[in-house]
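Just so you know, all these numbers are worked out from the coordinates, no wet-lab data involved. Keep in mind that what you see is a predicted model, and the values were worked out from it rather than measured. We place every Cβ from the backbone using ideal geometry, glycine too, and count neighbours over all the protein chains shown.
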Amino acid sequence: MTTDRLDILKTKRVGIAGAGGLGSNCAIALARIGIGELVIADFDTVEESNLNRQYYFTDQIGMKKVVALEENIRKVNPEVKVFVHDRLLDRDNLAGIFSGSDVIVEAFDLAESKEMIIETIQSQLPETPLVVGLGLAGWGNNNSIKSRQIGSLYICGDEKSETSASLPPLAPRVGVVANMQANQVVEIILGTLS
């Protein structure tokens, strides 16, 4: 990547709704490439069960995810400006928190929450691209993971693998989709220029 493109990334703001498996890994990927600002919102705390797929460490168990993730981002790239919101996202606060973002990344666990953010962003911030993760549970079947665009909505994942007791979210597929989301953000910001 050329220096002028890196300079473009330094001027951009990306919102991340959720700081779990998708959100924490996507945020770290974007920090590594030098995105200028990250706005991260989540209300949860780091639990031991999160460590198998989320970008946290054992000494962060019990910390608020947004605080722990900000700490980890600063270790990776202290130049990234990080704005954290320790709160549950809903239809009433989403637009206010993520207003001004060049791209928003959806990183929720629940289907209802995914539906809520898609509907809210498309109605309240219709010009802002939204990158969602859909279908990342289990393992293997690499060729099923893809991305596609529907207007200002970008979907990353296989769009069918839902988390269950027999199909848990595991680090490899979660990481692939999270990094695919980060890559999609970069493509949106920089275009498809090579």
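What to note about this one:
- A dipole drawn for segment 3-190 from +1 and -1 charges on Cβ atoms has a positive end, and of Cys156, Leu6, Val186 the residue lying farthest that way is Leu6.
- Considering segment 3-190, its Cα convex hull presents a mean projected area of 10.1 nm².
- Over 20 Å between alpha carbons, listed pairs Lys10/Lys75; Lys10/Lys81; Lys64/Lys160: Lys64/Lys160
- Extending 7 Å from the Cα toward the beta-carbon at both Glu112 and Ile150 defines two label points whose distance is 2.1 nm.
- Cβ-based charge dipole, the chain, positive-most Cα from Ala31, Gly15, Leu51: Ala31
- Most tightly packed first, judged by the mean number of other beta-carbon atoms within 10 Å of their residues, the peptides 93-101, 182-190 read 182-190, 93-101.
- For segment 47-89 versus segment 119-156, the spacing of their alpha-carbon centroids is 23 Å.
- Stretchable slack from Asn143 to Asp7, in nm (0.36 nm times residue separation minus alpha-carbon distance): 45.6 nm
- Full-extension gain in nm, Glu48 to Arg74, via 0.36 nm per residue minus C-alpha separation: 7.2 nm
- This model, with +1 at the C-beta of Lys and Arg and -1 at the C-beta of Asp and Glu, gives the chain a dipole about its Cα centre of some 500 debye.
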